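What follows is calculated from the coordinates using simple rules that are stated; it is not laboratory data. Predicted model only: the values in this text are computed from it and were never measured. Cβ placement follows ideal geometry from the backbone for every residue including glycine, while neighbour counts extend to all protein chains displayed.
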Amino acid sequence: MYQTNTMLANIHLTVKLYDSMMRPLCSRYSLSPIEVTIISFLFNNPGVDTAADISSLRMLPKSNVSQAIESLIQKSLLQRRQDTEDRRRIHLSLTPQAESITKEIELVRESFQKQIFRGFAEEEKKQFIAFNDRIAENARTGMQTASLR
């Protein structure tokens with residue numbers, strides 16, 4: 001049986017690699033990791049554009065997301081727009097100034113994927129993605145079950 005500690009260590013190592021690959025971008029643009037996460041999220045998830053969406057789907061504390069959003073607005077990388085039907089909902093969008101950052105984020109993500117899938121056949125990548133999706137679904141179900149207790 002595969003050791004749980006090994007699996008968790010591998011996940012942690014993969015996250016650390018991604019973070020280390022993003023660090024130069026953070027430095028170059030004077031952004032925090034969560035600010036880069038928000039920019040990346042908004043770029044890759046059109047129509048899913050509120051602070052609550054980001055907090056929920058990326059499992060980030062609401063206070064950290066709110067603080068980072070304010071910082072990105074101050075840096076003119078993000079703008080907010082009130083929902084026309086529900087004035088309490090605030091939609092977020094990237095400004096044109098964020099375009100160069102999103103391009104670099106995509107380059108880093110491509111490089112990250114090349115690194116972690118180095119030596120994998122195309123079929124193995126597809127299998128990994130399918131297995132990973134199943135593991136995530138099982139984890140979501142487990143979290144829902146645990147919260148009902």
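Numbers below:
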{"read-out": "Leading residue at positive end of dipole, the stretch 4-116 (Cβ point charges), from Ala68, Ser93, Asn45", "value": "Ala68"}
{"read-out": "Student exercise, the chain dipole from Lys, Arg, Asp, Glu Cβ charges, in Debye to nearest 20", "value": "320"}
{"read-out": "Using alpha-carbon coordinates, inclination of helix 4-29 to the longest axis of the chain, degrees", "value": "30"}
{"read-out": "Matching label, volume of the Cα convex hull per residue in Å³ computed from the structure shown, candidates [x] 160; [y] 131; [z] 114", "value": "[x]"}
{"read-out": "Under 19 Å from Lys103, Cα to Cα: lysines that are on another chain or at least 8 residues apart", "value": "Lys75, Lys114"}
{"read-out": "Relative contact order of the stretch 4-116, defined on C-alpha pairs under 8 angstrom at six or more residues apart (%)", "value": "27"}
{"read-out": "Radius of gyration and maximum dimension Dmax of the stretch 98-139, Cα, Å", "value": "13.5, 37"}
{"read-out": "Volume per residue that the Cα convex hull of the stretch 1-57 spans, once the total is divided by residue count, Å³", "value": "110"}
{"read-out": "Cβ-based exposure ranking for Glu70, Glu122, in which fewest neighbours within 10 Å come first", "value": "Glu122, Glu70"}
{"read-out": "Rounded to 10°, Cα long-axis angle of helix 33-44 versus longest principal axis of the chain", "value": "90"}
{"read-out": "Under 16 Å from the Cα of Lys62 - aspartates and glutamates, other chains or at least 8 residues apart", "value": "Glu35, Asp49, Asp53, Glu70"}
